[in-house]
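Trainee: Let me begin by handing over the structure; questions about it come next.
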Amino acid sequence: MPVAVETPKQPEFGELALPVAFQLAKHLRKPPKAIAAELAAELGPLPGVASLEVAGNGYLNVRLDRAAYAASLLSGAAEETAGAGDEGKIIVEHTNINPNKAAHIGHLRNAVLGDTFVRMLRARGRCVEVQNYIDNTGVQVADVVVGFHRLEGKGPEEVARLAAETPRFDYLCWDLYARVSSYYAENPAALAWRQETLHAIEEGEGDAAKIAHIVADAIVQAHLATMWRLGITYDVLPRESEILHLKFWATAFELLKERKAIYLETEGKNAGCWVMPASAYSGDAESDESKVIVRSNGTVTYVGKDIAYQLWKFGLLGKDFYYRPLMTYPGGHQLWVTTDEPHPDAPRFGRGTWVYNVIDSRQSYLQDVVVAGLRALGFNEQAERSIHFSYEMVALSPRCCAELGIELSEEDRKRPYVEVSGRKGLGVKADDLIDKLIEEALAEVASRHPDDTPKRQREMATRIAIGALRYFLLKYTRNAVIAFDFQEALSFEGETGPYVQYAAVRARNIWRKLEERGEALPDFERELTPEALGRQLRSDALWQLLVAASKTDSAIERAIASGEPAHVAKYAFQLAQIFSNFYHEFPVITEENREKKVFLLWMTGYIRRQLERTLAVLGIDVPEYM
């Protein structure tokens, strides 16, 4: 029987609380309090445990031996180990921006959530593969092709020249996409262009397909550059074009038909379409809202291609992509992209044991259909391990809109937040947002450090701005709608990235000031004997700080188990708060008692490392100064 371990609500009750007596009460038919007393007596003295105490109606509270615990941290013996175990490869798919225009703030939440979840998993030793699916044959790309080809009369050569020579081709396509959407609204008959273009792209034939290839490839490069500004990288970019050209969908289609997971509709609004019955994914046998998988004109819907993709991720399709190197990130990490020609040095991708799809909550219905497809094919275990890592949208505060020069109606100014719409062209481009944050952070940095070089000022401002943005996007639970606000994100006070960064900078500065005074760092393991540690940790404040700082790994594990990166952000903030209290209460550098000074210096270094480890999991760098 697994034994639950809890943390007491009050520090004076000890470090651990075991409700095991309550778990045993039904089996032993005894009061939990009596069982707890028997357990405490039977267990007797335990290494590293100062005492076992019965509390409340049957909790067994554990008080750790403070000196022994600190000695284990000092030697590194208490560091938790983690590994892949029997979990196998975990595939995390995130970002997934349609390659038809610049990335916007909503895309950043997806990418930052996905990237942080990957960092959490890797920090605990899991084997993770990061995928970024590129829908380069979809409706959004088709609409931009319509804009270039039909509205502007441009051919592939002209579009290629624009892509090569326009500094922000993704911005140009942003405006064109909005213009095409407006044109459709005024000229509904033009929607036939979309269908013709979509079919041409899927077939890979003609000028429309060539333009789509040029547009998608150029904008993918722009998206990768945007995400790299936030420290976000990928292992492989599976492209929808290869799902079609390598017959992934054709294989999945035959499987679905063979298992009778889909059927050909012969009447009603879906006549001529291949559909999945609603009962397969909604559980409602009476519902007639079947989901179209293949349209009557033969084109495949998004969810159809996604079923094929999900089968490949689990290694269930019996087919594989070919791959080619796309780029090498600074630091040497290789990014691969799917292609239709083999490469001799390509790694093996896919074949995951678990698959996490980071997709916003509005796509829950489609994700249910994908899982239903797995179940209908008999892959129940994989269906259980197919996780929709959902999240709510990012909007803008009215104040943020005003700062960005976005005109709002009187009604919108009164709203708590303003929704963005790429189709309407209303929104904040990700790079504009990052640039604005950097400029605002730079003004603050330059005023505080006027003597530093402009280059260094900008480097520090960039770290602060990126930290502020990532933290803001992570501190809310995934089911919360975010209303982004510049002033709130960049504040040095409260629950913000700069506040946590500032704590880490202060911790670094204590050791730096020691060196400036000409003092060397002590030999901590020699000077801090168990007896010395025990004397210093008679202070409850120092003990509680040390215990809190030692929980980094368990905080990450809890966040993984709950699927909430926000828990790691919250832990980082709490640790920063505790260190801030430590900083003000204990004058480390000027402490006259040698033993206490050495202990405080060690505590400073330990907390700093834990803060920096936690920030690294959040994808946040620590600047040299604030």
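What follows is calculated from the coordinates using simple rules that are stated; it is not laboratory data. This one's a predicted model, so the numbers in the text were calculated from it and none came from an experiment. Virtual Cβ from ideal backbone geometry, glycine too; neighbours counted across all protein chains shown.
Trainee: Given 101/319; 257/291; 313/475; 89/313; 101/291; 9/570, which pairs have Cα atoms separated by over 21 Å?
Mentor: Pairs exceeding the cut-off: 101/319; 313/475; 101/291.
Trainee: A further question on this structure: What is the calculated FRET efficiency for residue 525 to residue 266, with r their C-beta to C-beta distance and R₀ = 60 Å, to the nearest 0.05? The partial results should precede the final answer.
Mentor: Working: r = 79 Å, r/R0 = 1.32.
Efficiency, from the Cβ-Cβ distance: 0.15.
Trainee: Still on this model: As I understand it, the dipole of the chain uses +1 on the Cβ of Lys and Arg and -1 on the Cβ of Asp and Glu, about the Cα centre. Which of 566, 556, 427 lies farthest toward its positive end?
Mentor: 556
Trainee: Output needed for the stretch 11-64: three equivalent-ellipsoid semi-axes, defined as square roots of 5 times the C-alpha gyration tensor eigenvalues, in descending order, whole Å.
Mentor: Each semi-axis is √(5λ); the values are 19, 12, 8 Å.
Trainee: Taking residue 455 as the anchor, which aspartates and glutamates have their alpha carbon closer than 18 Å to its alpha carbon, excluding any fewer than eight residues away along the same chain?
Mentor: 435, 439, 440, 444, 621, 624
Trainee: With +1 on each Lys and Arg Cβ and -1 on each Asp and Glu Cβ, how big is the dipole of the stretch 493-617 about its Cα centre, in debye rounded to the nearest 20?
Mentor: On the way: 17 positive and 18 negative charges, 16 e Å.
For this selection, approximately 80 debye.
Trainee: Separate question: Toward the positive end of the charge dipole of the stretch 109-245, about the Cα centre and with charges on Cβ (Lys, Arg +1; Asp, Glu -1), which of 223, 144, 117 goes farthest?
Mentor: Farthest towards the positive end: 117.
Trainee: Here's something else I'd like to know. So which trypsin sites (Lys or Arg not before Pro) in the stretch 249-315 pass both tests, a DSSP loop state and at most 10 other Cβ atoms within 10 Å of the Cβ?
Mentor: 260
Trainee: Summing +1 for each Lys or Arg and -1 for each Asp or Glu, what net charge is found among the other residues whose Cβ lies under 12 Å from the Cβ of residue 620? The partial results should precede the final answer.
Mentor: On the way: positive: 119, 463, 470, 475, 613; negative: 115, 612, 621.
For residues surrounding residue 620, the net value is +2.
Trainee: Going by alpha carbons, how many degrees (0 to 90, nearest 10) lie between the helix axis of 594-617 and the longest principal axis of the chain?
Mentor: The two axes meet at around 10 degrees.
Trainee: Same structure again: Any chance you could run the full-extension gain for residue 554 through residue 168? It's 0.36 nm times the residue separation minus the Cα-Cα distance, nm to one decimal.
Mentor: Length gained, residue 554 through residue 168: 134.6 nm.
Trainee: Compute the helix-to-body angle for 32-43: its Cα long axis versus the longest principal axis of the chain, expressed 0 to 90° and rounded to tens.
Mentor: Taking Cα atoms only, the helix is inclined about 70 degrees.
Trainee: Also, quick follow-up: Could you calculate the FRET efficiency of residue 192 with residue 152 from 1/(1 + (r/R0)^6), where r is the beta carbon distance between them and R0 is 22 Å, rounded to 0.05?
Mentor: 0.75
Trainee: Please work out the C-alpha center-to-center distance from the stretch 1-72 to the stretch 141-201 and express it in whole Å.
Mentor: So the two Cα centres are separated by 67 Å.
Trainee: When the dipole is taken about the Cα centre of the stretch 2-151, and only Lys, Arg (+1) and Asp, Glu (-1) are charged at their Cβ, what size is it in debye, to the nearest 20?
Mentor: Result for the stretch 2-151 is approximately 340 debye, rounded to the nearest 20.
Trainee: So how strong a dipole does the chain carry about its Cα centre when Lys and Arg Cβ are +1 and Asp and Glu Cβ are -1, to the nearest 20 debye?
Mentor: Charge dipole of the chain: 1000 debye, to the nearest 20.
Trainee: While we're looking at this one, here's another question. Subtracting the Cα-Cα distance from 0.36 nm times the residue separation, let me have the gained length for residue 302 to residue 515 in nm, one decimal.
Mentor: Values: separation 213, 0.36 × 213 = 76.68 nm, distance 6.01 nm.
That works out to 70.7 nm of additional length.
Trainee: Using all Cα-Cα distances in the stretch 295-364, what percent lands in each 5 angstrom bin from 0 up to the longest?
Mentor: Histogram of Cα-Cα distances, whole percents per bin: 3, 12, 17, 19, 20, 16, 9, 3, 1, 0.
Trainee: Does anything in the stretch 34-73 have its amide N under 13 Å from the 7 Å Cα→Cβ label point of residue 28, and if so which residues?
Mentor: So the set is 34-44, 54, 58-60.
Trainee: Let me check against my output: what whole-number percent is the relative contact order of the chain, with C-alpha pairs under 8 Å and at least 6 apart?
Mentor: Rounded, it is 14 percent for the chain.
Trainee: Wrap a convex hull around the Cα atoms of the chain, take a quarter of its surface area, and give that in square nanometres. Spell out each step's value before the answer.
Mentor: Details: hull surface 141.3 nm².
Mean orientational projected area (the chain, Cα hull): 35.3 nm².
Trainee: Assuming 0.36 nm per residue, please report the length gained on full extension of the stretch residue 87 to residue 541 beyond their Cα-Cα distance.
Mentor: This chain segment gains 159.5 nm when fully extended.
Trainee: Shifting gears a bit: Enter the angle in degrees (range 0 to 90, nearest 10) between the Cα long axis of helix 66-75 and the first principal axis of the Cα atoms of the chain, meaning the one along which they spread out most.
Mentor: 60 degrees
Trainee: As I understand it, the dipole of the chain uses +1 on the Cβ of Lys and Arg and -1 on the Cβ of Asp and Glu, about the Cα centre. Which of 246, 361, 155 lies farthest toward its positive end?
Mentor: Comparing the listed Cα positions along the dipole, 361 ranks first.
Trainee: Tell me, 345, 320 in order of fewest to most beta-carbon neighbours within 10 Å?
Mentor: Fewest-to-most ranking of 345, 320: 345, 320.
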